[in-house]
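These notes are about the structure you will find just below.
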Amino acid sequence: FLFLEAAAGGTIALFWVHLRNEVGRGFTLFTGAAFLIIGALAIWLRATFPPSAALALSATARLWFSVERWTTIAFILLLAVYLTALYVVPRRRRGRDQAKIGRNGVATRPTHSDSGPRPAELWRPLAVIGPLVPLMALCAVWSAALVDASAQLFGLGTPLAVLAGALALGSALTGLSLGHWYLVSPTLSIQPLVRVNFLCLGAIVAQLFLLPILMFGPGTAADALHSLLTDYLLFLGVRVIFGLLVPLGATVMTWRTARIRSLDSATGLLYIVAALVLAGEIAARALFFLTGVAT
């Protein structure tokens, strides 16, 4: 489940800056390939270890599990097609340009499309496939959360909590990859790093806002809440302090260091953010399966 969160949330964050043409093709290919592998692992793990208890009890769970499987497969296939086209089309265009130069014997001045074209300028279908990739990632995470959903917030509590967690984890991983990419492209603008960092910050703030509503709002069983606040209070503390509050402070520090272009410091802070957000998501998923309360 965490693999799907990382792949889907990371892809959403990646395409948010990629479709704005704020990052290079190389970064998109490298980071997208990493999320493609993580997503493929998510499909394999989910098929090998399905949520058998929920599937045995509810026809609705079986329906959402089927939706999750097909939306996840569609997400991974679309991502694979997009990355393949993004890799192949510019190489073919470069080959045609070199052949043209060879025939004419004169090198023409590079146009905008040679230096950094938008995806849609490379191949028209990319303009359609591009927005569909993060959309299918969103659908995959949402349907996965509904396989074993609770009654919190009239059934919306679990998918909202999972979506916020996926965006926090995925944007932290995308930011971490981008921080290292400045070693390859030191002249790259800091704007995409700041934008991804703010996405992570917003997701963590959304989780902090949702937490009391999920715990004390409509649909939360009293006995489950009592168990959460007594038997598993230590795990809840880990979730809140190390999974939300400390990463919140670290993302603010990342933003401040990125603004002054201290990119080594920003990347080091993103290691902390990614590790703590991952620990917080592990704690949140464990608490949900132990108590039935999404946090």
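Residues in the range 215-271 that are closer than 18 Å to LEU176 by Cβ and of a type in the set (S, T, N, Q): THR251, THR254, THR257, SER262, SER265, THR267.
Answer yes or no: is there a residue in the range 222-245 that is surrounded by fewer than 20 Cβ atoms within 10 Å (Cβ to Cβ), within 18 Å of the chain's Cα centre (by Cα) and either farther than 20 Å from GLY157 by Cα or touching a residue at least 60 places away in the same chain (Cβ under 8 Å) (or both). Checking the range 222-245: not a single residue is surrounded by fewer than 20 Cβ atoms within 10 Å (Cβ to Cβ), within 18 Å of the chain's Cα centre (by Cα) and either farther than 20 Å from GLY157 by Cα or touching a residue at least 60 places away in the same chain (Cβ under 8 Å) (or both). ALA127 meets the stated requirement of being modelled with pLDDT under 90 and part of a helix (DSSP H, G or I).
Of the helices (runs of 4 or more DSSP H) entirely within the range 1-102, those holding at least 1 residues that are within 21 Å of ALA161 (Cβ to Cβ) and at pLDDT below 90 occupy 25-48, 52-57.
Regarding PRO186, is this residue outside any helix (DSSP H, G or I) and not aliphatic (A, V, I, L, M)? First the steps, then the outcome.
Numbers: outside any helix (DSSP H, G or I): yes; not aliphatic (A, V, I, L, M): yes.
When the stated conditions are applied, PRO186 passes them.
Filtering the range 181-209 to residues that are surrounded by 15 or more Cβ atoms within 10 Å (Cβ to Cβ) and either within 17 Å of GLY26 (Cα to Cα) or of a type in the set (Gly, Ala, Ser) (or both) leaves TRP181, TYR182, LEU188, ILE190, PRO192, LEU193, GLY202, ALA203, ALA206.
The values are calculated or read from the model by the stated rules, or taken from the named source; none is laboratory data. These numbers were taken from a predicted model, which means no experiment stands behind them. We place every Cβ from the backbone using ideal geometry, glycine too, and count neighbours over all the protein chains shown.
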